[in-house]
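Reading through the structure tokens given below for one structure.
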Amino acid sequence: MRYSGFRVIKEALTGHRGWGPAWRDPEPKSDYDFVIIGGGGHGLATAYYLAKEFKQSRIAVLEKGWIGGGNVGRNTTIVRSNYMLDGNEPFYEFSLKLWEGLEQELNYNAMMSQRGIINLMHSDAQRDAYIRRGNAMILNGADAELLSQKQVLEKYPFLNVQNARFPVMGGLLQARAGTARHDAVAWGYARAADQRGVDIIQNCEVTGFRIENGKVLGVETSRGFIGAKKVGACVAGSSSKVMAYAGMRLPIESHVLQAFVSEGLKPVLPGVITFGAGHFYVSQSDKGGLVFGGNIDGYNSYASRGNLPMVEDVMEEAIAMFPMMGRARLLRSWGGIMDMSMDGSPIIDKTHIDGLYFNGGWCYGGFKATPASGFVYAHLLATDTPHKTATEFRLDRFHTGHMIDEKGMGNQPNLH
Amino acid sequence: MIINHPLLGPRDLSEFVYLGDACLMNRPDWQADDALEQFIDYGYTRDNRAGLHRELWYHEQGDRSWLVVTRNTVTHEITQVELARDVARAEGRSK
């Protein structure tokens, strides 16, 4: 079924009896050409682009829980391509271009809103760094604009620019960045992949690999063995756990990141804004809640919930930036498990096992990468060669020294 | 999270800084034949277990001691806290 305005009117007049489920709930077959482990945004996008762009069939996505229940439904919905390094920026800009056409492509309302992101700057050194990053973005075909304090105040008149410790000197604007309804992205990809024959198998946890003579033959799951010519893992926070089944030890630590939403307010924040003197980002959802977050808690965790010192830290940053936020009540907070890599950048590569591929190490920047991650992973799975925007996301870069350390923090995952 | 410091008693999480897996205490021998491989492993790969995890915490806002904390990464329950100094000595590492 194609969704359209006409369809909505027709269904409204006929009692909404014509809407069917958005995707099937198939039983797993005994074998597939491609098995994708992980039914998050990246896994569903991979399956979709495998079917659509690379004309592959016999594809399954295995999800241990339900579609939209993991990090794709837990993030703060920001979409942007304001990176600096050559290994990263072309990839994220490719992703942003895919975001721009995503809703028409999927025939699904993902509420993609290019409302712009402003990174605030608070020192001369930070201004220099932002100018450099902005130039790197422009060189890679993205858009970037340096804003003065006055220009920032025109958009956000209630900002505390006179803070004695962290005065706001201006900001780096990427106007094409914005937000998207996160779980609608998962549902949209799931529906579009399903329409192209992909089997989305929920409540199916992978419990092991069957590997013989260095070649993967399939996966053991909670619903029995499923054979596969090629297996692609993209399980974010569970990466180390799943790849350990294949005897692999990864350059990844799993950490908890908390996110927060306030009560619904009238429109107050026109775009996404980040605090440059700490780590804080906030936007306002269409429902009115302020959606915001800060740093990861900083210790290994698989608990999907964080501790109070980081909650306090995030609130302090919020109030430092917008004193008026002190009047809003916090409605909810939650946690998600981040696959923090050793250099802060992702890995999309083959493994030493024939037919087994790995996609992970997204740190807390995976959501914006969803379309491109799916596209380049599908490229790798279908052609065995990396996509031209993802040649540096290699698993062996920690051996060869070709790190992509955007933040320059070294091998300390809790600082990326 | 409260860390029960062996010398100072229960202290709040916010007083501590986290380093990582306690395997970081065991720096490889730089003269070994496979020293390069060992150091890459030491620097970049981790077990990253879901469950009991031995890890290094630094009491920065306190007595500046290094601790080896055994904590469940699924529940955040802390079951053992030792001074890193004692752990190293027990392994015969320093006098």
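At a glance:
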read-out: Overall dimensions of segment A:57-181 by Cα: Rg and Dmax, Å; value: 17.6, 61
read-out: Among A:ILE337, A:LEU250, A:THR76 the positive-end extreme of the charge dipole of the protein assembly as shown (Cβ point charges); value: A:THR76
read-out: Paramagnetic label zone (point 7 Å from Cα along Cα-to-C-beta, A:VAL311; backbone N under 17 Å) in segment A:236-262; value: A:256-262
read-out: Computed over segment A:137-203: relative contact order in percent, which uses C-alpha pairs under 8 Å that are six or more apart; value: 29 percent
read-out: Rg [Å, one decimal], Dmax [Å, integer] - segment A:360-416, C-alpha atoms; value: 12.5, 35
read-out: Convex hull (Cα only) mean projected area of segment A:109-185, reported in nm² to one decimal; value: 6.3 nm²
read-out: Per-pair calculated FRET efficiency, R0 = 60 Å: B:ALA90 and A:TYR3 via Cβ, rounded to 0.05; value: 0.40
read-out: Rounded to the nearest 20 debye, dipole of the protein assembly as shown from Cβ charges on Lys, Arg, Asp, Glu; value: 1420 debye
read-out: Modelled FRET efficiency - R0 22 Å, A:ALA12 with A:ASN107, Cβ distances, 0.05 increments; value: 0.70
read-out: Full-extension gain in nm, A:ILE138 to A:ASP384, via 0.36 nm per residue minus C-alpha separation; value: 85.5 nm
read-out: Unsatisfied cross-links (Cα-Cα over 26 Å) in the set A:LYS155/A:LYS287; A:LYS29/A:LYS230; A:LYS229/A:LYS407; value: A:LYS229/A:LYS407
read-out: For A:GLY218, distant residues with modelled amide H under 5 Å away; value: A:ARG210, A:ALA228
read-out: Paramagnetic reach from B:TYR42 (point 7 Å along Cα→Cβ, amide N under 17 Å) across segment A:375-413; value: A:399, A:411-412
read-out: For chain A, share of DSSP beta bridges that run antiparallel, in % to the nearest 5; value: 70 percent
read-out: Farthest toward positive dipole pole in segment A:295-416 [+1 Lys/Arg, -1 Asp/Glu at C-beta], among A:ILE404, A:VAL314, A:ASN300; value: A:VAL314
read-out: Likely footprinting exposure, A:TYR299, A:TYR377, fewest C-beta neighbours within 10 Å first; value: A:TYR299, A:TYR377
read-out: Average Cα contact separation per residue, chain A, under 8 Å, 6 or more apart, as relative contact order %; value: 22 percent
read-out: Contour minus Cα-Cα distance for A:ARG24 and A:HIS352 (0.36 nm per residue); value: 114.6 nm
read-out: Electrostatic dipole magnitude of segment A:265-416 [Cβ: Lys, Arg +1; Asp, Glu -1; Cα centre; debye, to 20]; value: 620 debye
read-out: Modelled FRET efficiency - R0 25 Å, B:SER14 with A:ARG327, Cβ distances, 0.05 increments; value: 0.45
read-out: Full-extension gain in nm, A:TRP66 to A:LYS97, via 0.36 nm per residue minus C-alpha separation; value: 8.3 nm
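No value in this document is a laboratory result; all are computed from the given coordinates. Please read all numbers here as calculations on a predicted model, not as lab measurements. Reconstructed Cβ throughout: ideal geometry from the backbone, glycine too, with neighbour counts over all protein chains shown.
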